[in-house]
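**Q** Input: one structure, supplied below.
The values are calculated or read from the model by the stated rules, or taken from the named source; none is laboratory data. Remember, it's a predicted structure, so these values are computed and weren't measured experimentally. Cβ atoms come from the backbone with ideal geometry, glycine included; neighbour counts cover every protein chain shown. In case anyone asks, the SASA skips ligands and DNA or RNA and just uses the protein heavy atoms, side chains included. Shrake-Rupley method; radii C 1.70, N 1.55, O 1.52, S 1.80 Å.
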Amino acid sequence: MKKIIFLNILLILILFLTGCWDSKELNKLGISLIMGYDVENGKVLLTVGFINPASTQEGDMEGNLSVKYAQGTGNTILEAFRDITLKFDRRVFASHNKVIIFGEDFAKQGLVGHIDELMRDREQRETSYILIAKGAKAYDIMGVNPGLEQIPANYVLELIKNTNSNPKAMSVNFIEYIKHYYHNGHHPMTGIVEKREKEIINKSPDIGPTSEYELSIIGSAVFDRDKLVGYLNGNDTKALNFFLDKIKGGVITFHTPVSESSSDELSSVYIIKNKTKNDIEILDGRIILKTKVKLTSSMGEVIGNIDISKEENIKKMEEACSKAIEEALEAAVKKVQKEYKLDIFGFGIVFHRKYPSQWKNIESNWDEIFSEAEFQIEVDTNIIRTGLINTPINRIKVE
């Protein structure tokens, strides 16, 4: 009897050990690393960049042998995906997709109304970065690769990662965009990518046509809910990253505080660490938006007749750096208040948390209130290192 029971249990367990019933062989899949979405003739145009498993490390004359591209059209994104299967010999496998590029026309129509499939499909990655093709179609951007990476998608991905050392651009993934879309009091922002002509230094005949262009991700895209309404330049994007407390590195340039008041000499510091805190205060019925920035930095470049080995001069440099940041943040706020009248800084979320009962009364017209609100910006800079020298290289020390 014990043997019979054991065999029955074993047979039941075997039913749950049937192996990978939904396994997919690599030689049957088209592994996607980058996708581009455009709208043409009222339909969705999907462009997918696939890894070519038959490629070699040497590449071809155009440097694109490692990647194959396919396009599909449809009334919806899912239709466009299925349309690709009628033209390409592999099914799109999106689990390794790293970057999603939306054409400008697509983004102006609104993203959320079209991207339900990207959230619903279990293969799509919520960590894929989102970029808007500024002034272009997504497929105009894809395939441009003047960098060292053999695969264009990896080239774009590395550009996005470089925002850690230069905050003039934004790195926003899919789930971050959706999160801010649902937030009342914080409109979404995304990174941008722009195709630009470049100077050819090495005019070797082996260089292909795509080497005449390069990609730039400087700046950011402004959304009213899910519709693209405009762009911020690099300096305003850096200021935005300060407000969002997303500064991880970079450089701050400011006027050197020398005795000559008319001096235009500039110095710079490296950002080591930054902490930004946003707050709201209601004073006599007026809403005041407050931002405090605490910056830890290291001297990177000193131009001007100043001896930073003296503590009082270090203090002057810190004050000059703080002033430059305050002016940049103030300029960005005024620009957004005047041109877009949208809270892209997230002060509405701060208001909601601090004054939940008052928020219910102003939620519907918060953007209008934000565009008229007063701002108070305070920056505290601390320079903790001066580098290998303590005076400018052009300054002669007096014995």
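**Q** State in Å² the accessible area per residue of the chain; use a 1.4 Å probe, count heavy atoms of protein chains only, and round to the nearest integer. Mind showing how you got there, number by number?
**A** On the way: 22180 Å² over 399 residues.
Solvent-accessible surface per residue comes out at 56 Å².
**Q** Quick one: length gained pulling LEU78 to LYS360 fully straight, 0.36 nm per residue minus the C-alpha distance? Working shown, then result.
**A** On the way: separation 282, 0.36 × 282 = 101.52 nm, distance 3.83 nm.
Full extension from LEU78 to LYS360 adds 97.7 nm.
**Q** How much length is gained if the chain between ASN52 and ILE393 is pulled fully straight, taking 0.36 nm per residue apart and subtracting their Cα-Cα distance, in nm to one decimal? Walk me through the intermediate numbers first.
**A** Working: separation 341, 0.36 × 341 = 122.76 nm, distance 5.22 nm.
Full extension of this stretch gives 117.5 nm more.
**Q** Considering only DSSP beta bridges whose two residues both sit in the chain, what percent are antiparallel, to the nearest 5?
**A** Working: 49 of 76 bridges.
Expressed as a percentage, antiparallel bridges in the chain total about 65.
**Q** At a threshold of 8 angstrom on Cα-Cα distance, excluding pairs fewer than six apart, so keeping six or more, what relative contact order does the chain reach in percent? Don't jump to the answer; show the numbers that get you there.
**A** Working: 781 pairs, mean separation 49.2, N = 399.
Rounded, it is 12 percent for the chain.
**Q** Let me ask something else. May I ask which of LYS108/LYS360; LYS238/LYS277; LYS137/LYS227; LYS161/LYS273; LYS108/LYS195; LYS195/LYS334 have a Cα-Cα span longer than 27 Å here?
**A** LYS108/LYS360; LYS195/LYS334
**Q** Rounded to the nearest 500, what is the 222 nm mean residue ellipticity of the chain from helices alone, with -39500 (n - 2.57) per DSSP H run of 4+ residues and division by all residues? Intermediate results must be reported in sequence, preceding the final value.
**A** Values: 12 runs with 113 residues, N = 399.
So the helix-based figure for the chain works out to -8000 deg cm²/dmol.
**Q** When the Cα centres of region 127-142 and region 326-359 are compared, how far apart do they sit, in Å?
**A** 27
**Q** While we're on this one: Between GLU311 and LYS28, what length comes free when the chain is fully extended (0.36 nm per residue of separation minus the Cα-Cα distance, one decimal in nm)?
**A** On the way: separation 283, 0.36 × 283 = 101.88 nm, distance 6.68 nm.
Full extension of this stretch gives 95.2 nm more.
**Q** Calculate, for ILE369 and LYS292, the FRET efficiency according to 1/(1 + (r/R0)^6) with r their C-beta to C-beta distance and R0 35 Å; round to the nearest 0.05.
**A** Details: r = 21 Å, r/R0 = 0.61.
FRET efficiency, ILE369 to LYS292: 0.95.
**Q** OK, next. Separation between the ASP264 and VAL229 pseudo-spin-labels, each 7 Å from Cα along Cα→Cβ, expressed in nm?
**A** 3.7
**Q** List the aspartates and glutamates whose Cα sits under 14 Å from the Cα of LYS294, skipping any in the same chain fewer than 8 residues away.
**A** ASP245, GLU318, GLU319, GLU326, GLU378, ASP380
**Q** May I ask for the equivalent-ellipsoid semi-axes of region 244-399, computed as the square root of five times each C-alpha gyration tensor eigenvalue and listed largest first in whole Å? Could you put the intermediate results ahead of the total?
**A** Values: eigenvalues 299, 43, 30 Å².
Each semi-axis is the square root of five times an eigenvalue, giving 39, 15, 12 Å.
**Q** Between beta-carbons, use under 12 Å as the cut-off and find the net charge around ILE115, counting Lys and Arg +1, Asp and Glu -1.
**A** On the way: positive: ARG120; negative: ASP116, GLU117, ASP121, GLU126, ASP226.
So the surrounding residues net to -4.
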